[in-house]
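First up is the structure itself, then whatever we jot down about it.
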Amino acid sequence: MTTHPIGTREQWLAARRALLDAEKAHTRHGDELARQRQALPWVRVDKAYRFDTDQGSASLADLFKGRSQLLVYHFMFGPDYKAGCPSCSSIADGFAGFAVHLAHHDVMLTAVSRAPLDKLQTYKRRMGWTFPWASSASGDFNFDFNVSFTEAQQRDGDIEYNYARNSHAMDVSPAPEPVAQFAATCGTDAATYSRDRPGMSAFVLEDDVVYHTYSTYARGVDALWGIYQWLDRAPKGRNETGIWWRRHDEYERS
């Protein structure tokens, strides 16, 4: 028997209209946050980053592929991983569907990871993905944008992630059980897994100069994770008691 409140259609409609007011306020607040993001000052990117791509070696400007705006998803796939992070993989499942629309609206979407290109290509084929995915294995891009860290930084507790120092659950020792579980699914240990983090960064190209405009990390990427936007509207919400998601090709095997 359900323990959830039961009501009449009239009671539901009254409650739903009250909720609509709150939803509209939330939407207006989201619009204001978007305006504040776009009002952030731009920072010129002077370092000559290089990436390995399906088309060969590329600069950061090359990743724009003729568009004036670039969105980079910092995909957790370290050089020692055997497979990409399951959470990042769930987020990336939605990229192909809307990347084509963004590309026709002057916005290029690409993923960037530290794993070598051949690993990314193999995993991309396994997942059936078509969006661009570049390797930053040979440079400092991930480190400079605070989504990758060295063993020395990890050992010394010198990690700044999500605009705070050593405040993330992944920095705790011993590693929380979910982190250890995710690491195992990537074929590595928790410490190695934790040296890469998720996030997204935005860039703009004007007069042949690239500027960094925005970055977000940790739960800042929640809004990009499609399944959670749907679950937040489902009758039981996220309804989580632990890690429940897998790579999309692993459900039938479990």
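Worth pointing out:
- Qualifying residue in the range 175-195 (condition: over 23 Å from Lys82 (Cβ atoms) and at pLDDT 95 or above): no
- Qualifying residue in the range 80-93 (condition: assigned to a loop (DSSP other than H, G, I, E, B), at pLDDT 95 or above and hydroxyl-bearing (Ser, Thr, Tyr)): yes
- Segments classed as helices (runs of 4 or more DSSP H), wholly inside the range 97-196, with at least 2 members that are outside the structural domain of Phe51 (by TED's automatic domain parsing): none
- Residue in the range 182-197 that is free of Cβ contacts under 8 Å to residues at least 12 places away in the same chain and surrounded by 13 or more Cβ atoms within 10 Å (Cβ to Cβ) present: yes
- Cβ pairs under 9 Å, 6+ apart, first in the range 234-254 and farther than 14 Å from Pro86 by Cα, second exposed (fewer than 11 other Cβ atoms within 10 Å of the Cβ): Pro235/His4; Arg238/Asp232
- Residue within the range 58-74 that is of a type outside the set (Lys, Arg), over 18 Å from Val204 (Cβ atoms) and at pLDDT 95 or above present: no
The values are calculated or read from the model by the stated rules, or taken from the named source; none is laboratory data. What you are looking at is a predicted structure, and each value in this text was computed from that prediction instead of being measured. FYI the Cβ positions are ideal-geometry reconstructions off the backbone, even for glycines, and counts take in every protein chain you see.
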